[in-house]
Amino acid sequence: MALHDPNESRMGVAVSTPRIHTEELLLPDLELPATPAQAHHLGVVLRRGAGDAVRLFNARDGEWLGEILAMRKDRGSFVLRERLRPPAPEPELTLLMAIIKRDALDWVVEKATELGVTRIRLVQTRRTVAAPPNPERLQAILRGAAEQCERLGLPRIEAPLPLHAVLAGWGEGRLLVAAERRASPPIAALAGTARALLVGPEGGFAPQELDDLAARPFVSPCRLGPRILRAETAAVAGLAALQALAGDWAE
Ligand code: SAM
């Protein structure tokens, strides 16, 4: 069986060609300025310059082959050549994540992006001890993850809300809640059409929170195996299970 050449991606463009997310409108022959962050990344970190190929992408316009016209330390420009991929809708998948310590939360945001999450809502719970994260840092992490994993869209990251406010405003179908130490069914028995997962903080949910969650008709508590996972492991494992059982890994 012929194996796919790992160095070649769509339409003969090398996978080493940098991918850059941009909110700009992407059209043939369009010239675009690079942001200072893009210029730094391409010119200083990746050592690319005029004449080198890049890929520019966003969820609205798809992925385009472009060329660097000029690149200095914090300034540069591109010209677009041809479209490599049309836009494609991504199935909705929501992670409701209790705020946890900075490094662990950064890791969750990166991995959730790789796993296809379209929306991340940070949640304050009774046992949340970590401070709310810097939204610009999280945005940079998820942009970097989307550039690396070849997706077209970025997850939307939403400002922290207390758990009760999230539940009061919920209108998005079944919500799976990762709940250890309760007689919850395994996630495999519940995944079905659920496209949202709530994970608690390092110290877990308070008993009153679990009682309140269990009383909501749209909530299904679920177990992620017999071991107690760290919150960040639970988030990534739960999302992988949802994608494998009923999401885009099951296609
Ligand atoms: N302090 C808690 C305890 O020892 O009982 C553990 C909390 S755990 C570190 C953090 C979060 O991960 C939990 O609130 C839950 O959402 C999720 N979690 C961890 N292991 C789980 C499991 N086996 N099944 C379901 N959820 C789990």
Give the residues of segment 78-108 whose amide nitrogen is closer than 12 Å to a point set 7 Å from the Cα of residue 158 in the direction of its Cβ.
93-97
Based on the mean of other Cβ atoms within 10 Å per residue, sort peptides 237-250, 125-138 so the most packed one is first.
237-250, 125-138
Using amide H atoms built in the peptide plane, which far-off residues or other-chain residues are under 5 Å from residue 154 H to H?
59
Take peptides 176-182, 89-95, 214-220 and line them up by average Cβ neighbours within 10 Å, highest first, as a rough protection proxy.
176-182, 89-95, 214-220
Ignoring solvent entirely, what values of log10 I(q)/I(0) come out of the Debye formula for segment 11-85 at 0.15, 0.20, 0.24 Å⁻¹ when each Cα is a single scatterer?
-0.41, -0.75, -1.09
Counting DSSP beta bridges with both partners in the chain, what percentage is antiparallel, nearest 5?
45
Inter-part gap, Cα centre of segment 92-110 to Cα centre of segment 126-184, in whole angstrom, is 5
Computed Rg/Rh of segment 39-146, alpha carbon atoms with Kirkwood Rh
1.08
Expected max-MSF residue from 73, 111, 101 in the GNM of the chain (alpha carbon, under 10 Å) is 73
Could you order the peptides 166-175, 48-57 from most to least packed, using the average number of other C-beta atoms within 10 Å per residue?
48-57, 166-175
About the Cα centre, charge dipole magnitude for segment 1-122 (Lys/Arg +1, Asp/Glu -1 at Cβ), debye
340
If amide H atoms are modeled at 1.01 Å from N in the peptide plane, then the residues at a separation of 5 or more from residue 198, or on another chain, having amide H under 5 Å from its own are 96, 176, 177, 178
Gaussian network model of the chain, Cα within-10 Å springs - most flexible of 153, 12, 200:
12
Which of 98, 14, 231 moves most in a GNM of the chain, Cα contacts under 10 Å?
14
Sort 222, 149 by accessible area with a 1.4 Å probe, largest first.
149, 222
With a ≥ b ≥ c from the Cα gyration tensor eigenvalues, square-rooted, and the rule rounded for a/c under 1.5, otherwise prolate when a/b > b/c and oblate otherwise, segment 203-251 is oblate
Between residue 84 and residues 5 or more places away or on another chain, the pairs with built amide H atoms under 5 Å apart involve 63, 64, 65
Using only the Cα atoms of segment 94-246, what do you get for the radius of gyration and for Dmax, in Å?
14.3, 41
Helix-only CD estimate at 222 nm, as mean residue ellipticity for the chain, using -39500 (n - 2.57) per DSSP H run (n ≥ 4)
-7500 deg cm²/dmol
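The values are calculated or read from the model by the stated rules, or taken from the named source; none is laboratory data. Treat the numbers as computed from the prediction; the structure is a model and nothing was measured. Backbone-built Cβ (ideal geometry, glycine too); neighbour counts: all protein chains shown. Note: accessible area is taken over every heavy atom of the protein model, side chains too, but ligands, DNA and RNA are not part of it. Shrake-Rupley method; radii C 1.70, N 1.55, O 1.52, S 1.80 Å.
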